[in-house]
1. Run down S142, S132, S162, S126 and say which single residue is more than 22 Å from V72 (Cβ to Cβ), of a type in the set (S, T, Y) and either under 20 Å from the mean Cα position of the chain (by Cα) or at pLDDT 85 or above (or both).
2. Going by the conditions given, is F14 in a helix (DSSP H, G or I), within 26 Å of K257 (Cα to Cα) and in contact with a Ser or Thr (Cβ under 7 Å, 6 or more places away or on another chain)?
3. Which residues, counting only those in segment 201-235, are of a type in the set (F, W, Y) and part of a helix (DSSP H, G or I)?
4. Would it be correct to say that F108 is surrounded by fewer than 18 Cβ atoms within 10 Å (Cβ to Cβ), out of contact with any strand residue (DSSP E or B) (no Cβ under 6 Å at 6 or more places or on another chain) and assigned to a helix (DSSP H, G or I)?
5. Select from segment 117-126 the residues that are open to solvent by 40 Å² or more (accessible area, probe 1.4 Å) and in contact (Cβ under 8 Å) with a residue 12 or more places away in the chain and list them in ascending order.
6. If the Cβ limit is 6 Å and pairs must be 6+ apart or interchain, which residue in segment 204-218 that is under 22 Å from S126 (Cβ atoms) and open to solvent by less than 10 Å² (accessible area, probe 1.4 Å) pairs with which residue that is in a loop (DSSP other than H, G, I, E, B) and not aromatic (F, W, Y)?
7. Taking only segment 52-69 into account, find how many residues are under 22 Å from the mean Cα position of the chain (by Cα) and not β-branched (V, I, T).
Amino acid sequence: MIKIILSILQIIIFISIAPLISGVITKIKNNLRFRRGQSIFQPYYNLEKLFSKEEVISETASWIFRVTPFIVFASSLTAAFMVPAFISGYKAGDLLLLVFLFSLGRFFLALAALDTASSFGGMGSSREMFISSLAEATAILSIFAVCLNIGTTNLGAINYLSSLKLSTLIASGALFMVILAETSRIPIDNQETHLELTMIHEAMVLEYSGRFLALIELASYIKQVVFFSLIGTILLPAFISSGLLHNFTVFSAYLAKLFVLCLIVSFVEVNSAKMRLFRAIDFFSFSFVLALVAIILAVLGV
């Protein structure tokens, strides 16, 4: 029962800080550009505004359009249950199931974009499927290289068995490249634009409004913090044990890891330009090769 309560507590913390991570990244980017920018709490204000509004639904939309926000949110929330972060007793979670959950949300989101018969939705869906076909393979190989080092596909064992090796560093680099794509960030996507020639994720959610859009936005925030938590745990395992004081220390270290990743992502976005869609093949080919090298080194025990 205590483990269940602690697991629920971790999920509550995930949901609470997930919008803040995006706000911090935006604030750091504005500071790097010597702009004042918005508050780090702006994502919370946006969610509050969206939850207070009603939905406007297209006449051509079916049940798929209406149920998709709940599936996307539920898949992200379930994935958050599986990632070890800072709570002791976390032992559940398989890497293949983690990738499947995010793929499930992406699949229904692409269907919903097509369901409204919008040209923008169709364009965004095709682009999203193109990107995901390249990113998912690299994500699986990257996490699998780490699992070869710890001897299990259980993500909960990372905090107890993981050690910093060359293969782990290379796998983390490949996974970081995937995270940039999965979280709709430069150089693959751009969250700050609504130009039809550059939109990928935004094109799929243009028809959503109100509470439906709020659920999708919150799910994307949770997805981002799940990926950040995963790569942070892989690079710097917390070696979680029982004890209130130790859990507080681990939680402080966890927040520090998230902040460092926010700095890195902000620096990459500010100093990079969005690449053309078909140049993404080169980007993911490089990350795929990195993941393969990581697996080879992990087999060799390096």
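1. Going through S142, S132, S162, S126 in turn, just one is more than 22 Å from V72 (Cβ to Cβ), of a type in the set (S, T, Y) and either under 20 Å from the mean Cα position of the chain (by Cα) or at pLDDT 85 or above (or both): S142.
2. Judged against the criteria, F14 is not a match.
3. Residues satisfying the conditions are F212, Y221, F227, F228.
4. No, not satisfied.
5. A117, F120, M123
6. Sorted first by the residue in segment 204-218, then by its partner, the pairs are I216/V205.
7. Within segment 52-69, the subset under 22 Å from the mean Cα position of the chain (by Cα) is 67-69.
If we keep only those that are not β-branched (V, I, T) as well, we get 69.
Residues in segment 52-69 being under 22 Å from the mean Cα position of the chain (by Cα) and not β-branched (V, I, T): 1 in total.
Let's see how each residue does on (1) outside any helix (DSSP H, G or I); (2) open to solvent by 70 Å² or more (accessible area, probe 1.4 Å); (3) farther than 15 Å from A174 by Cβ:
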| site | (1), (2), (3) |
| --- | --- |
| L263 | no, yes, yes |
| E269 | no, no, yes |
| S272 | yes, no, yes |
| R279 | no, yes, yes |
| S287 | no, no, no |
| A291 | no, no, no |
| I296 | no, yes, no |
| G301 | yes, no, yes |
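The values are calculated or read from the model by the stated rules, or taken from the named source; none is laboratory data. Just so it is clear, the model here is predicted, and its values are computed rather than measured. Ideal geometry is used to build each Cβ from the backbone, glycine not excepted, and the neighbour counts take in all protein chains shown. These area figures cover heavy atoms from the full protein model, side chains too; ligands, DNA and RNA do not enter into them. Shrake-Rupley method; radii C 1.70, N 1.55, O 1.52, S 1.80 Å.
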